[in-house]
Every structure is written in structure tokens, then in C-alpha cells.
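Asks: Handing you this structure, nothing more for now.
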Amino acid sequence: MKAIDFLQGGFFKKKILLIAIVLGMMTVLVQCASVSQRWPENERRTEDRMFLLQQEIGNGLGSGELTPKEAQNFVAKLDNLRRDYTVLRERTTTQEEWVPLLTKLEDMEKEVKVVRAYPSRIDETRLEDRMIVLQRRIDDGILIGRLPRVQGREFQLRLDDIRREFLQRIKDRPFTTEEKGETSSRLDLLESDINRVL
């Protein structure tokens, strides 16, 4: 009899009412996230991040941390992200539709930071300058007759091989310390061989 009185009492009704309210609120929250609507927070945050990314690219180009080609590639990628952003901003969307854009933007921010933080751009320029100097020495040696043509061709082939490997390595990624050391030692060896002949 006491159990029946307890069930009929207000305590049980209050619990059921509370559970119903919580379930109703959860349903409303879930529906809000999946319904197409405007997302002003995503719009503002994305605009701010794209603006800061453009400044990072400009600063990197100005400081020499980015080459003009790298900066141009980053600006082209940023323009593609802006197009995607414009499409999303101009229509009502779900929250999930913003995820790919925000992920691409985050990946690009990381990529720009990695390339800007890598200090070997100066070393690459120095190696390229050394290759130019060696090229001139080979050409001048052949021209004035101090370097026999056969030996000059051998030196030229070695330099071309070093240059080709160097350009291939820096084409799509930063130049590592080990690669820099290897290229530098090959240039040192070629330079000493040229010095012996000239």
C-alpha cells in the first residue's frame, strides 16, 4: 500500500516531467545543429583566419622566409579557400558543411608556419650561388684554354648532376640538413678538383 502511495505521489510525476523536459531539450539541440541555417560565428572566424593567413604569407615573403614561388602557391590556395567560403556564406548550411573548409584552412595555416619556420632558404641560395660560381670557372677555364675540353665536360656533367638533384629536392619540400650537407660536400669536392686543374 505504501508503494502505491509513493507512485501516486508528486515525486514520481516530477521525475517523469523532468526526464521529458530533458529529452525535449536534447531533441531541439540536435535538430538545431542539423538544420540549415546561417553560421555567423563560422563566418567571422573563417574571415579572420584567412586575413591573418594572408598577412603571414606577406610577412614571410617580405622577410625572405618564403620564396616568391611559395608565396604565389599559398596565395592561389588561399583564393580557392575564399571561393569555397563565399559559396558557404551565401547560402544556408549545416554545421557539418563548414568542417571541410575549416580543416583545409587549418592545414594551410600549419603548412605556412612550417615553411616559414624552416631556415634553409638562405642555405639554398648560398648553394645556388656556389653552383653559379663553379659554372663560371668551368666556362672561363675552357674559354682561356687552361681547362681541357674533355675534363671541362666531365666537370660540367658533375655540376649538372649536382644541380639537377638539388633542384629536384627543393621542388616540393624544404631542404633538409642532411641533404644540404651532402650537396655542399659534393660541391666542395668538385671545387677542389677544378682548383687542381686551374
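Asks: I want to confirm something. Restricting to the range 152-192 and keeping residues that are outside any helix (DSSP H, G or I) and touching a Lys or Arg at 6+ places or on another chain (Cβ under 9 Å), which single residue is modelled with the highest pLDDT? Step through it out loud before you land on a result.
Replies: If we filter the range 152-192 for residues that are outside any helix (DSSP H, G or I), which is where we start, we get 171-176.
Still in the list and also touching a Lys or Arg at 6+ places or on another chain (Cβ under 9 Å): 174-176.
Details: Pro174: 72, Phe175: 72, Thr176: 76.
Top of the filtered list is Thr176.
Asks: Taking only pairs six or more apart or across chains, which ones have beta-carbon atoms under 9 Å, a first residue in the range 74-85 that is within 14 Å of Glu106 (Cα to Cα) and assigned by TED's automatic domain parsing to the domain that holds Glu56, and a second residue that is among the aliphatic types (A, V, I, L, M) and not in a helix (DSSP H, G or I)?
Replies: Phe74/Leu66
Asks: Those residues that are in a helix (DSSP H, G or I) and more than 20 Å from the chain's Cα centre (by Cα), I need them from the range 76-97; list them, please. Even if it seems obvious, please write down each step before you answer.
Replies: Pass one, the range 76-97, residues in a helix (DSSP H, G or I): 76-89, 95-97.
Scanning the range 76-97 gives Thr86, Val87, Leu88, Arg89, Gln95, Glu96, Glu97.
Asks: Does Glu65 fit the bill of being assigned by TED's automatic domain parsing to the domain that holds Lys110 and assigned to a loop (DSSP other than H, G, I, E, B)?
Replies: On the way: assigned by TED's automatic domain parsing to the domain that holds Lys110: yes; assigned to a loop (DSSP other than H, G, I, E, B): yes.
So Glu65 passes the test.
The values are calculated or read from the model by the stated rules, or taken from the named source; none is laboratory data. Computed from a prediction, not measured in an experiment: that's the story for all the values here. Neighbour counts are summed over all protein chains in view; Cβ atoms, including those assigned to glycine, are modelled from backbone coordinates with ideal geometry.
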